[in-house]
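The values are calculated or read from the model by the stated rules, or taken from the named source; none is laboratory data. This structure is a prediction, so every number in the text was calculated from the model and none was measured. Positions of Cβ are backbone-derived with ideal geometry, glycine not excepted, and every protein chain shown enters the neighbour counts. Keep in mind that these areas ignore ligands, DNA and RNA; they rest on the heavy atoms of the full protein, side chains included. Shrake-Rupley method; radii C 1.70, N 1.55, O 1.52, S 1.80 Å.
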Amino acid sequence: MNRRRHATAAITVICALTVLASPALTLQASAAPLPPPPPKKSLEEVRKEIEVLYRQAAVATDAYNLAEEKTREQSAEIVRVARMIVEGREKIEDLKAKAGAAARAQYRNGGLPEGAQLVLTNDPQLFLDTAGRLKAGAKATTDLLGEMDRTQAQLDVYAKDAGVNWTKLEANRVRQAQAKKQINDRIEAAKKLESTLAAEERERLRRLEEQAQYRAQTTWLGTGVLAGLKADTTPEAKKAIEFATAQIGKPYGWGDEGPSSYDCSGLTQSAWGSAGRPIPRTSQEQWRLLPHVNIKDMRPGDLIVYFKDASHIGMYVGNGAIVHAPRPGRNVTIAGAGSMEILGVVRPM
């Protein structure tokens, strides 16, 4: 009897353990296999991806620089209009004071208009004198009222202009903020991608960048593009080249115009500005607004614009080389003029 009770208890325990264990077994059996890890990117793929990110940051930098320039212009215009409004109001007050003086003069005459006094006089000479003054006074009053109307109309225009300029200013500030976020996002993405590489891989990546630039430069030189190019240039171009080359070794800084760091168009603008030739702020505006020259007529001091979106620019310094501010994480340097995709050449002078 005891053996039967013990056997029954053992069977009960075994069944309970089976019930408790079965869900885990079921889950383990039904669990899907883990997906294989994604294939590791090759260094060349990483290089191209980083290059695209920095190119996108360069385009956004141009948008930021243009918005910043427009913001400065609009701010200056708002200040100018505000001064004109102040001057207009002061002029209105002056005209009102003159009108008040005329009214007080009439009051001193007993409130009797000069025309009435003229009719009542028996003195012929006084009649003539008063008639002259009356005519001159009427013209002066008409002129005064006309000037007040014109000044008030100008104030209305200035007020409208101020509103328009303020709206433009705010729109440019929004564009600046959007471009700034895009720049930072792209640069951070590129840095994050590069940070996943070991030190040895980062060095190999740098060599891959140099090799890609060398291949592009060799192909460009192989076209015979330098044959017939003249080395002589203008005194202003020489000054611009001297300035640009003196910045070699300074870091790239997006939106920067010196003196401690530069972006690509900030360097070219500052260089030509030092030579007394103001040029637009961004590489896209430099490409759009400066005179274009054929590459076979290129000379030192000219600016070479790169990529279809005109997102990069450098200064040609002769012998197939440029000085430029490459990208974040790099310094102003000398590079092959054909090491990137050339869009065209512009000449500030």
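Using label points projected 7 Å from each Cα along Cα→Cβ, tell me how many nm separate Val293 and Leu221, to one decimal.
With each label placed 7 Å out from Cα toward Cβ, I get 2.2 nm.
What ranking, highest mean first, results for peptides 243-250, 61-68, 291-298 when packing means the other Cβ atoms within 10 Å averaged over each residue?
Numbers: 243-250: 16.5, 61-68: 23.2, 291-298: 13.4.
Going from most to least packed, we get 61-68, 243-250, 291-298.
Taking every eigenvalue of the Cα gyration tensor of the stretch 185-240, multiplying by 5 and rooting it, what semi-axes result, largest first, whole Å?
Over the Cα atoms of the stretch 185-240, the semi-axes work out to 36, 18, 10 Å.
Listed here are the pairs Lys181/Lys308; Lys180/Lys250; Lys70/Lys308; Lys168/Lys250; Lys160/Lys180; Lys48/Lys250; which of them are more than 28 Å apart at the Cα?
Lys168/Lys250; Lys160/Lys180
Roll a 1.4 angstrom probe over the protein heavy atoms and tell me the percent of accessible area of the stretch 258-338 that is carbon or sulfur.
52
Suppose the chain between Glu200 and Ser42 were pulled fully straight at 0.36 nm per residue; how much longer would it get relative to their current alpha carbon spacing?
55.5 nm
Measuring with a 1.4 Å probe in the full set of protein chains, what accessible area per residue, in whole Å², belongs to the stretch 183-321?
Values: 6960 Å² over 139 residues.
Normalised by residue count, the accessible surface of the stretch 183-321 is 50 Å².
Taking amide hydrogens as modeled 1.01 Å from N in the peptide plane, which residues meet the under 5 Å criterion relative to Ser339, leaving out close sequence neighbours?
Close amide H contacts, sequence-distant or interchain: none at all.
What ranking, highest mean first, results for peptides 152-161, 304-313 when packing means the other Cβ atoms within 10 Å averaged over each residue?
Highest to lowest by the protection proxy: 304-313, 152-161.
Mind giving me the FRET efficiency for Lys168 and Lys238? R0 is 45 Å, r the Cβ-Cβ distance, nearest 0.05 is fine.
Given R0 = 45 Å and the Cβ-Cβ separation, E is 0.70.
Just order 221-230, 324-333, 178-187 by mean Cβ neighbour count inside 10 Å, highest at the front, would you?
Details: 221-230: 11.4, 324-333: 20.2, 178-187: 17.3.
With the highest mean Cβ count within 10 Å placed first, the list reads 324-333, 178-187, 221-230.
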